[in-house]
Each structure stands twice: as structure tokens, then as C-alpha cells.
């Protein structure tokens, strides 16, 4: 599991870009809470949802045929009651095949109706050797992301998934960025 400097930089940069707007809005919300007599605790969203969006692979395996893939994603979250843990599932697909990514995450509220989440699981490629946005073979995978609920039933989400040793004939990591909109259930 050798992470290259380029992979670490890419993951760090994408994480910072995804989380920075939430931190800025949390900072202004914190300043406003200080002005009130009794500060309210930050309450993120506990929405369980299923959604769809885009998935863009940003790495390749370094071998012929291991190109980064652009595709789509179907993603869902089941929030466990009374604990800051969720069970998530995603299908990242390309025109060749798909990767199924079951994961467990820890959810941290950062603003009203907004969570940052981090966790891990697996990436299971339907047809080994065929490219998906998250590599071309089964691997362990991690995720960091943000989700925010709008109104009663709409949730927007974005995350970065990293598949460890996710390419055949290569020890390269696969990095994929997802964004989409879901409907609460």
C-alpha cells in the first residue's frame, strides 16, 4: 500500500476543496451563536437517502488500458438511529462495467443540516480488468465527503473515494470524485 506523493496531494487538495465551504459557513454560524444567550449545538442531517450523480476517476493504474474513467453513480445512505454512524452504498459505473462500494462512515455535523463523513469499506468490481471510476479490480476503499439537506426531502452530496491497490498489474491507488442529489426516505 504505497501511496505516491501525487496521490496524497490529490486526495488532500480534493478534500480541502470539498470541506472548505462547510468550514467557512460553520465559522460564521459559530460567531452568530456566540452572540446569542444560549448557544445551540450544531445539528447535522440524519437523513437516509438514495441519489444519483456523476463519478469521475482522477487517476490511472500506469498500465495500458488503465485510464481514468468518467461515469455515473447511484449512492445511498442509511443513518443509524442515535449514533453518528451510517451504512452507505454506491454503484460507480462506466460504459464498461461497475464497482459496488459498501461502506461504513462516521458522520460529523459541521453546520445546520450538514455533515462531513469519513469511513471505509470495499470496492467490488463487477468485471475484473474492466475500468470503472474506482479502478479495475476489487480493493479496500476509503471515503471522505460532505452532505447537506435542503428542505424536507432533498440531499446534496459530494465525496472522494480512494481504492487501495485498485488496478490489475499495478499497486496504484484509484481516486474518484462523486457528486449528486438524493431524495430522503
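State whether one or more residues within region 162-170 are in contact with a strand residue (DSSP E or B) (Cβ under 6 Å, 6 or more places away or on another chain) and within 19 Å of residue 75 (Cα to Cα).
Taking every residue of region 162-170 in turn, at least one turns out to be in contact with a strand residue (DSSP E or B) (Cβ under 6 Å, 6 or more places away or on another chain) and within 19 Å of residue 75 (Cα to Cα).
When region 144-178 is examined, which residues are found to be touching a helix residue (DSSP H, G or I) at 6+ places or on another chain (Cβ under 9 Å) and part of a strand (DSSP E or B)? Let's see the steps before the verdict.
First, pick out the residues of region 144-178 that are touching a helix residue (DSSP H, G or I) at 6+ places or on another chain (Cβ under 9 Å): 144-146, 148, 158-160, 162, 172-173, 175, 177.
Passing the criteria: 144, 145, 146, 148, 158, 159, 160, 162, 175, 177.
If you go through region 140-147 one residue at a time, do you hit one that is over 13 Å from the mean Cα position of the chain (by Cα) and surrounded by 15 or more Cβ atoms within 10 Å (Cβ to Cβ)? Spell out how you get there, then give the answer.
Just the residues of region 140-147 that are over 13 Å from the mean Cα position of the chain (by Cα), to begin with: 140.
Cutting the leftovers down to surrounded by 15 or more Cβ atoms within 10 Å (Cβ to Cβ) gives us none.
So far as region 140-147 goes, no, none of its residues is over 13 Å from the mean Cα position of the chain (by Cα) and surrounded by 15 or more Cβ atoms within 10 Å (Cβ to Cβ).
Could you pull out the residue among 104, 116 that is in a strand (DSSP E or B) and surrounded by fewer than 19 Cβ atoms within 10 Å (Cβ to Cβ)?
On the way: 116 fails: surrounded by fewer than 19 Cβ atoms within 10 Å (Cβ to Cβ).
When all the criteria are applied, what remains is 104.
Any residue in region 133-145 that is on the phi < 0 side of the Ramachandran plot and touching a residue at least 60 places away in the same chain (Cβ under 8 Å) sitting within a Cβ distance under 6 Å of a residue that is crowded, with 22+ Cβ neighbours inside 10 Å and part of a loop (DSSP other than H, G, I, E, B)? List the pairs, counting only those 6 or more apart or interchain.
Pairs that qualify, where the first residue is on the phi < 0 side of the Ramachandran plot and touching a residue at least 60 places away in the same chain (Cβ under 8 Å) and the partner is crowded, with 22+ Cβ neighbours inside 10 Å and part of a loop (DSSP other than H, G, I, E, B), are 133/69; 136/167.
Go through (1) in a loop (DSSP other than H, G, I, E, B); (2) in contact (Cβ under 8 Å) with a residue 40 or more places away in the chain; (3) in contact with a strand residue (DSSP E or B) (Cβ under 9 Å, 6 or more places away or on another chain) one by one and return the number of the condition residue 128 breaks.
Condition (3) is where residue 128 drops out.
Quick one: which residue in 58, 50, 54 is at pLDDT 90 or above and touching a helix residue (DSSP H, G or I) at 6+ places or on another chain (Cβ under 7 Å)?
Every option except 58 fails the conditions.
The values are calculated or read from the model by the stated rules, or taken from the named source; none is laboratory data. Since we're looking at a predicted model, the values are computed, not measured. Reconstructed Cβ throughout: ideal geometry from the backbone, glycine too, with neighbour counts over all protein chains shown.
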